Amino acid sequence: IGEMSIVPIGGYRVHLEAEFTHPLYGRWTERGELDLDTGAQRLALDCVGLRITPEMRTPLTEPFQRIYDKYLPGGLCDIHILIVKEAKQEPDIRVTLVARDMTFTYGNFPYPAEHITGEIEFFTDHFIIKNMQGRHGESTLRFDGIAGGYTRESDFAFRIEIDDMPLDDALRKALDPPNRKVLDSFAPRGKVSA
């Protein structure tokens, strides 16, 4: 912990401001209010310039390790966390990831994307992808959408656009076996936008 100040603002309510640094998770600031009597709180945690690396996976809990493995994130981003909790209720948590120069490889379609910018908002029961864009070689990728949860059964609606995607071995390897078979049967060449 670099700095911390706690100022009483009435009763058992306090205003909190803190700064802390972790070797893996970078420099964070925290500010907000806590009610030490009721447990109510409104806290904002921010990390600007976080570099996501594979070393960050190990300390995560198993559910978050599975999410990491599904998307293989890396690179530079900002993280903003807002926690709002009313007395005797579960907290409402919103995590906003602002990609500044990231990489992702989605496990179900392993076609690596680089130089990604945009935003993902994570809520307790759903997430929203906003104006994400990146590259795969000379191809331009754009995607956004919403998912109603974090399980395989969750509803979702995504839009993915790709410009100038070469019909090459990288695309072939990313396809599942049935679709790879279809691609092989036509043996197309060149580039497509989809």
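Using a 1.4 Å probe, how large is the accessible area of Met132, given in Å² and rounded to the nearest 10?
About 0 Å², ignoring ligands and nucleic acids.
Using the heavy atoms of the protein chains and a 1.4 angstrom probe, tell me the accessible area per residue for the chain in square angstrom. Could you put the intermediate results ahead of the total?
Numbers: 12360 Å² over 194 residues.
With all protein chains present, the chain gives 64 Å² per residue.
Relative contact order (percent) for the chain, with alpha-carbon contacts under 8 angstrom and 6 or more residues of separation?
Numbers: 428 pairs, mean separation 21.2, N = 194.
Here the relative contact order equals 11 percent.
Suppose the chain between Asp155 and Ile93 were pulled fully straight at 0.36 nm per residue; how much longer would it get relative to their current alpha carbon spacing?
20.3 nm
If you place +1 on the Cβ of every Lys and Arg and -1 on the Cβ of every Asp and Glu, how big does the dipole about the Cα centre of segment 29-78 come out, in debye to the nearest 20?
The dipole magnitude comes to about 320 debye.
Between the helical axis of 177-186 and the dominant principal axis of the chain, each derived from Cα atoms, what acute angle in degrees is found, rounded to the nearest 10?
40 degrees
Which whole-number percent gives the relative contact order of segment 76-130, counting Cα pairs below 8 Å spaced six or more residues apart?
30 percent
Just the number, please: carbon plus sulfur as a percent of the accessible area of the chain, 1.4 Å probe, no ligands or DNA/RNA counted.
57 percent
Starting from the Cα-Cα distance between Arg180 and Leu72, subtract it from 0.36 nm times their residue separation and give me the gain in nm to one decimal.
Contour length minus Cα-Cα distance gives 36.6 nm.
Taking the dipole about the Cα centre of the chain, with the C-beta of Lys and Arg at +1 and of Asp and Glu at -1, give me whichever of Ile1, Leu141, Leu34 is farthest to the positive side.
The one lying farthest along the dipole's positive direction is Leu141.
Just to be sure I understand the model, the point goes 7 Å from the Cα along the line to the Cβ. What's the resulting Arg100 to Glu114 distance in nm?
1.9 nm
Would you calculate, for the chain, the mean residue ellipticity at 222 nm contributed by helices, counting each DSSP H stretch of 4 or more residues as -39,500 (n - 2.57) and dividing by all residues, to the nearest 500?
-3500 deg cm²/dmol
For the pair Lys173/Glu55, report the inter-label distance in nm, with labels modelled 7 Å from Cα in the Cβ direction.
In this crude spin-label approximation the distance works out to 2.7 nm.
Quote the Stokes-Einstein diffusion coefficient, in whole µm² s⁻¹, for segment 25-112, based on the Kirkwood radius over alpha carbon pairs, a temperature of 25 °C and a viscosity of 0.890 mPa s.
For these conditions, the coefficient is 166 µm²/s.
The values are calculated or read from the model by the stated rules, or taken from the named source; none is laboratory data. All figures in this text were calculated on a predicted structure; none of them were measured in a lab. All Cβ positions, even for glycine, are placed from backbone atoms using ideal geometry, and neighbour counts span all protein chains on display. Remember, those area values only see protein heavy atoms, side chains included, never the ligands or the DNA or RNA. Shrake-Rupley method; radii C 1.70, N 1.55, O 1.52, S 1.80 Å.
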